[in-house]
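J.: Could you have a look at this structure, given as structure tokens, before my questions?
Where a number appears in this text, it was derived from the coordinates with a stated rule and is not lab data. Everything numeric here is computed off the predicted structure, so don't read it as measured data. Here Cβ is always computed from backbone atoms with ideal geometry, including for glycine, and neighbour counts include all displayed protein chains.
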Amino acid sequence: MDKAFTDTSVMRCPVCFSRDIDVLMEREADNYYCVKCSFKGPESEVRAMYKDIQKKFHWNTKRMTLDDQLKL
């Protein structure tokens, strides 16, 4: 297998992804790092940030009426 293929990961940078920029992260040992924004962290931190990003789209599939919005 090609070295370039094994070095890249399917994980995307959560910092760039929250800004709607799609950047794949590189992996070195146990840490992942972004070549665009210099974010660096372990897989657990990246996945935790993914969960926070998902909150952004939480109400995307539910239609809210004006009354529902006023109750919030």
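J.: Take every Cα pair under 8 Å in the chain that's 6+ residues apart, average their separations, divide by the length, and report that relative contact order as a whole percent.
T.: 20
J.: Right, next: Can you compute the charge dipole magnitude of the chain about its Cα centre, using +1 on each Lys and Arg Cβ and -1 on each Asp and Glu Cβ, nothing else charged? Give it in debye, rounded to the nearest 20.
T.: With Lys and Arg at +1 and Asp and Glu at -1, about 340 debye.
J.: Starting from the Kirkwood radius over alpha-carbon pairs of the chain, derive D by Stokes-Einstein at 4 °C in a medium of 1.567 mPa s and give it in µm² s⁻¹.
T.: D, rounded to a whole number, is 92 µm²/s.
J.: Give the residue from SER44, GLN54, ILE21 lying farthest towards the positive end of the charge dipole for the chain; charges sit on Cβ (+1 for Lys and Arg, -1 for Asp and Glu) and the dipole is referred to the Cα centre.
T.: Sorting the options by dipole projection puts first GLN54.
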